[in-house]
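The values are calculated or read from the model by the stated rules, or taken from the named source; none is laboratory data. What you see is a predicted model; the values in this text were computed from it and never measured. Backbone-built Cβ (ideal geometry, glycine too); neighbour counts: all protein chains shown.
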Amino acid sequence: MLDQHRWDELLTRLSGRLPERDVFVRLVSAYSEPRRRYHNLDHIRHCLAEFDRASTVAENPDPVEFAIWLHDAVYDPKGTANEEKSALWAVEILKEAGCPDRTREHVSHLILATKHSGAPADRDSELIADIDLAILGQPPEVFDLYEESIRAEYSWVPVPMYAAARSRVLQRFFNRPRLYFTSHFEGLYAAQARGNLIRALAALQLSGPDCRPPQIVEER
């Protein structure tokens with residue numbers, strides 16, 4: 001379970017008033033959907049733990065933390081706009097809480113940074129992108145479980161198609177000159193992450209011949 005006290009304190013700092021309880025309940029329910037094998041409560045807890053260790057890197061810590069809570073609030077493995085829908089939900093919560101426009105816009109921008117579709121435009125976006133990919137630099141047994149969980153979320157994709165698509169995603173990360181944007185995460189996880197990616201790419205290569213990957217699998 002996520003920490004409701006922490007959530008209440010965060011939204012109170014952002015809005016100046018105590019949030020409605022049903023928002024937290026809805027959020028926990030969303031992250032508890034059975035189809036979520038990786039993008040679930042454990043992922044958010046891990047991201048928050050990473051944030052706690054790197055919060056001094058943030059220029060605006062509270063919006064970054066709020067974006068972490070909401071960045072995968074909407075998750076459909078067959079969807080193509082999960083981050084956009086998650087950002088809309090985040091903005092809706094902040095609007096109902098009376099947060100200013102600039103806060104809502106910043107949080108939306110941060111959530112969209114977790115699409116990993118390009119270089120982040122600011123320090124906070126770099127930080128949340130790195131936090132979201134901290135899993136790549138975990139010990140081999142943790143990383144392997146992550147890969148298994150992602151595969152389970154895409155169990156409906158045929159093996160050869162999944163292998164090609166997943167290889168494309170992981171290769172894109174591996175090809176970065178710096179795997180992480182912030183010095184904190186680059187120093188902490190880059191070496192282990194590259195080792196994990198090499199192993200994962202080798203395993204995927206054995207799964208089947210290359211074919212055109214489905215676009216939806218390229219989101220992560």
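Given the criterion in a helix (DSSP H, G or I), in the same structural domain as TRP89 (by TED's automatic domain parsing), acidic (Asp, Glu) and surrounded by 13 or more Cβ atoms within 10 Å (Cβ to Cβ), identify the matching residue among ASP52, ASP62, ASP22. Residue meeting the stated conditions: ASP62. If we scan the range 125-133, do we find a residue that is without any contact (Cβ under 8 Å) to a residue 24 or more places away in the chain and either among the β-branched types (Val, Ile, Thr) or touching a strand residue (DSSP E or B) at 6+ places or on another chain (Cβ under 6 Å) (or both)? Within the range 125-133, none of the residues are without any contact (Cβ under 8 Å) to a residue 24 or more places away in the chain and either among the β-branched types (Val, Ile, Thr) or touching a strand residue (DSSP E or B) at 6+ places or on another chain (Cβ under 6 Å) (or both).
Screening VAL142, VAL157 for residues that are outside the structural domain of HIS39 (by TED's automatic domain parsing) and either closer than 24 Å to GLU84 by Cα or part of a loop (DSSP other than H, G, I, E, B) (or both) leaves exactly one candidate, VAL157.
Selection of first residues in the range 100-118 that are over 15 Å from ARG13 (Cα atoms) and of second residues that are of a type in the set (Ser, Thr, Tyr) and surrounded by 19 or more Cβ atoms within 10 Å (Cβ to Cβ), restricted to Cβ pairs under 7 Å at least 6 apart or on distinct chains, gives the following pairs, ordered by first then second residue: HIS109/SER125; LEU110/SER125; ILE111/SER86; ALA113/SER125.
Scanning for something under 18 Å from CYS99 (Cα atoms), in contact with a His (Cβ under 9 Å, 6 or more places away or on another chain) and not hydrophobic (A, V, I, L, M, F, W, C), does the range 22-32 turn up at least one residue? Looking through the range 22-32, none of the residues is under 18 Å from CYS99 (Cα atoms), in contact with a His (Cβ under 9 Å, 6 or more places away or on another chain) and not hydrophobic (A, V, I, L, M, F, W, C). Any residue at all in the range 91-108 that is under 16 Å from the mean Cα position of the chain (by Cα), at pLDDT 95 or above and in a helix (DSSP H, G or I)? Within the range 91-108, one or more residues are under 16 Å from the mean Cα position of the chain (by Cα), at pLDDT 95 or above and in a helix (DSSP H, G or I).
Among the residues of the range 25-49, those identified as of a type in the set (Lys, Arg) and surrounded by fewer than 17 Cβ atoms within 10 Å (Cβ to Cβ) are ARG26, ARG35, ARG45. In this entry, SER125 passes the filter for residues that are under 25 Å from TYR75 (Cα atoms) and hydroxyl-bearing (Ser, Thr, Tyr). The residue that is nearest to LEU18 (Cα to Cα), among those in the range 54-90 that are among the polar types (S, T, N, Q) and over 16 Å from the mean Cα position of the chain (by Cα), is ASN60. Counting only residues that are surrounded by 13 or more Cβ atoms within 10 Å (Cβ to Cβ) and in contact with a Leu (Cβ under 9 Å, 6 or more places away or on another chain), the range 7-19 holds 7 of them. Considering the range 109-136, and only residues there that are in a loop (DSSP other than H, G, I, E, B) and under 11 Å from the mean Cα position of the chain (by Cα), the residue that is nearest to GLU65 (Cα to Cα) turns out to be THR114.
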